[in-house]
Amino acid sequence: MPFSKFERTLAWRYLRPRGGEGFVSIIALFSFLGIMLGVATLIIVMSVMNGFRAELFDNILKFNGHIHVSSTNRSITDLTDLKNYLILNPEVVQASTILEGQAMIVFPKNQARGVVVRGISQEDLQKQKLIRENILKGSLDNLGLSNNLVIGEALATYGHLKVGDTVKLIAPNIASTAFGFVPRFKEFKIGAIFSSGNWTYDIAYIFMPYATANKFFNKAQPELEVFLTSPHQVDKISLNILKKTQWQVRIKDWRETNKSFFEAIMVERNVMFIILTLIILIATFNIISGLTMLVKDKTKAIAILRTMGATRSSIMRVFFLTGSTIGITGTFLGFILGSMFCYKIEAIRQGLQALTGLKFFQEEIYFLSKIPAIVETNEVITIVCVALSLTFLATLYPSWKAAKLDPIEALRYE
């Protein structure tokens, strides 16, 4: 829509009202601030939720793998052949034989907590990048000793543990003795402490040597944990596994394991987008109110312009440009503010914590040690387009109202 110099000049004049038009300018200011803060808030919240989802997704798959294979046939007790077959596949990063079970850990000060114990060989654990590159104290080499454990930083902090300390693990199954049934337990030493970046795993998971876990859990059924180059390859690799084993194994991939969790995040993300868009919508209502009042206030001026030859379309474009300028400027500055906030969000969080002494992002609640933010280009474009579309729509009625004004009737009652 081309705008003449006359229309641009008049629209700019109406954006800087004087005299008794101060109330109109206040409404325009609130409209501008509402759109700016709405766009910025929407970008920040959606980016944080994107980062939150990506971080959790990355941590979950790095820690638990993409596929878990277990036997449905008691005759298949050794998964070594399948493991060797998968390692030859270029789409498979790692295949590890693991044993997993629940136990109770008793700390030196007689505190107790439930944990998940994962039996794995030292060689296989060394291949897990998330664990290998985040050892805070001790060494994974200690897992080669039968009585050593590798625990998370959160669990070590909870139990006031350090490398070399002794803890007791109590198995869920009981042992039969001459004196009756007694709990099965064993003492272990802390060989290493890791930090995966996910508080849930760091507080709940313990690694022990595979042979020790097999004995501790009284020959539990092993699983094959498979890490792929891409999580989107699970269907292809799963079909290969089923064909190789003649459908005698059960496969559980990351989508099945975390289905409800990721669906909940997506629902929350969509709901937040709708709710925060309402902030922009409310700001556009202010534009409607402001322009409507401006049209009413400028009734005589519009009538004079019409008698001097200004067309209806020209008057409509003047008020359309007036409202659109508020929306476009607010959207642009909101985009700049939101993007800059996302870029420095962790520094801002730490600064506010240092200034107020409050903890704004607790690891126990959000499962992450820092606030992640990923600004997706397509999403930002969507937010900007929604804001601009609502703004343009909001200007149509007041602009049409101004264009429909009858100059004779307007001047008659002045």
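The values are calculated or read from the model by the stated rules, or taken from the named source; none is laboratory data. The structure presented is a predicted model; accordingly, all values stated were derived computationally and were not measured. Here the Cβ positions follow ideal geometry from the backbone for every residue, glycine too, while neighbour counts run over all protein chains shown.
Only one residue in 265, 348, 304 is assigned to a helix (DSSP H, G or I), of a type in the set (A, V, I, L, M) and in contact with a Lys or Arg (Cβ under 7 Å, 6 or more places away or on another chain), so which one is that?
On inspection, the qualifying residue turns out to be 265.
Tell me, which helices (runs of 4 or more DSSP H) wholly within the range 185-262 include 1 or more residues that are at pLDDT below 90 and under 22 Å from residue 108 (Cα atoms)?
Answer list for the range 185-262: 199-204, 210-216.
If you check 125, 79, 88, which single one turns out to be in contact with a helix residue (DSSP H, G or I) (Cβ under 8 Å, 6 or more places away or on another chain) and of a type in the set (A, V, I, L, M, F, W, C)?
So the residue among 125, 79, 88 that is in contact with a helix residue (DSSP H, G or I) (Cβ under 8 Å, 6 or more places away or on another chain) and of a type in the set (A, V, I, L, M, F, W, C) is 125.
From the set of residues in the range 139-152 that are of a type outside the set (A, V, I, L, M), touching a Lys or Arg at 6+ places or on another chain (Cβ under 9 Å) and not in a loop (DSSP other than H, G, I, E, B), which is surrounded by the most Cβ atoms within 10 Å (Cβ to Cβ)?
Step by step, filter the range 139-152, then rank; the result is 148.
Quickly run through the range 105-139 and pick out the residues that are on the phi > 0 side of the Ramachandran plot and aromatic (Phe, Trp, Tyr).
Within the range 105-139, no residue meets the criteria.
Quick one: is residue 191 assigned by TED's automatic domain parsing to the domain that holds residue 91, buried (at least 21 other Cβ atoms within 10 Å of the Cβ) and touching a Gly at 6+ places or on another chain (Cβ under 7 Å)?
Here the answer is yes, as residue 191 does meet what is asked.
Pairs please, first residue from the range 320-347 and in the same structural domain as residue 281 (by TED's automatic domain parsing) and more than 22 Å from residue 9 (Cα to Cα), second anywhere and surrounded by 17 or more Cβ atoms within 10 Å (Cβ to Cβ) and of a type outside the set (A, V, I, L, M, F, W, C), Cβ atoms under 6 Å, 6+ apart in sequence or on different chains.
342/47
Please verify whether residue 364 is at pLDDT below 70, part of a helix (DSSP H, G or I) and in contact with a Phe, Trp or Tyr (Cβ under 8 Å, 6 or more places away or on another chain), treating the condition exactly as stated.
Here the answer is yes, as residue 364 does meet what is asked.
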